[in-house]
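The values are calculated or read from the model by the stated rules, or taken from the named source; none is laboratory data. Everything quoted here is computed from the prediction, not taken from an experiment. Backbone-built Cβ (ideal geometry, glycine too); neighbour counts: all protein chains shown. What goes into the accessible areas is simple: the full protein's heavy atoms, side chains included, and nothing from ligands, DNA or RNA. Shrake-Rupley method; radii C 1.70, N 1.55, O 1.52, S 1.80 Å.
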Amino acid sequence: KGGATAGDSLVLTKPLGIGIISTAIKAGKAPREMIETATRNMKTLNKAASDAMTEVGVRGATDITGFGLLGHLHEMLHVSGVSAKLALSRIPFIPGVAELAKVCIPGGTRANLKYVGDKTVWDDGITEDEKLMLADAQTSGGLLIAVAPDKLEALLSGLAARGVETRAVIGEVTEGEAGKIFVGR
């Protein structure tokens, strides 16, 4: 998990929202199409993404699971002694998750957001629902990869060549307080 360096790009390989969708399924509020998309995402292994990042030689990576994107990113940054800036507009979510977040938030997701509360700085205008979506506990989530700028295109090409659908560049590692996350639009 360590090794992220200021200037590295942060790449995410699956959309977020599984925890919210799982809660909506239990409440009978998730549409069939969304359930199928969530199931397909959970059944997709991270092997292809892992092979691509291993081939390129990235600096650090972690899978996004129970602690959500923010929790796992904080851990990676803390171990690496750096901070990061995320762009909310670049972070992929399963379609429809924003609407479900208004009514179906898992308890674990709320706990995740509370945990990263003093470790995260939010731009004005980012809603509580958006914050919760970034802290959503995932099941079989994607990989979060820190890659040097000169290897970013090779990583994205390697992911594409292996059929990895989500190849989102969601932010950048920066100098600063170890583990601190800045979230902008």
Residue among 135, 154, 168 that is open to solvent by 20 Å² or more (accessible area, probe 1.4 Å) and out of contact with any His (no Cβ under 9 Å at 6 or more places or on another chain):
154
Does residue 98 count as surrounded by fewer than 18 Cβ atoms within 10 Å (Cβ to Cβ), within 13 Å of the chain's Cα centre (by Cα) and not β-branched (Val, Ile, Thr)?
no
Please tell me if residue 102 is on the phi < 0 side of the Ramachandran plot, basic (Lys, Arg) and in a loop (DSSP other than H, G, I, E, B).
yes
Working only within region 1-43, note down all residues that are open to solvent by less than 30 Å² (accessible area, probe 1.4 Å), farther than 20 Å from residue 77 by Cα and of a type in the set (A, V, I, L, M).
18, 20, 21, 24, 30, 34, 38
Condition first: open to solvent by 20 Å² or more (accessible area, probe 1.4 Å) and either closer than 11 Å to residue 68 by Cα or not in a loop (DSSP other than H, G, I, E, B) (or both). Now tell me which residues in region 116-132 satisfy that.
117, 118, 119, 121, 122, 128, 129, 130, 131
Could you list, in sequence order, all residues of region 172-183 that are open to solvent by 10 Å² or more (accessible area, probe 1.4 Å) and either in contact with a His (Cβ under 6 Å, 6 or more places away or on another chain) or within 30 Å of residue 40 (Cβ to Cβ) (or both)?
172, 178
Tell me, please, whether a residue that is of a type in the set (Val, Ile, Thr), under 18 Å from residue 100 (Cβ atoms) and either free of Cβ contacts under 8 Å to residues at least 24 places away in the same chain or part of a strand (DSSP E or B) (or both) can be found in region 136-153.
no
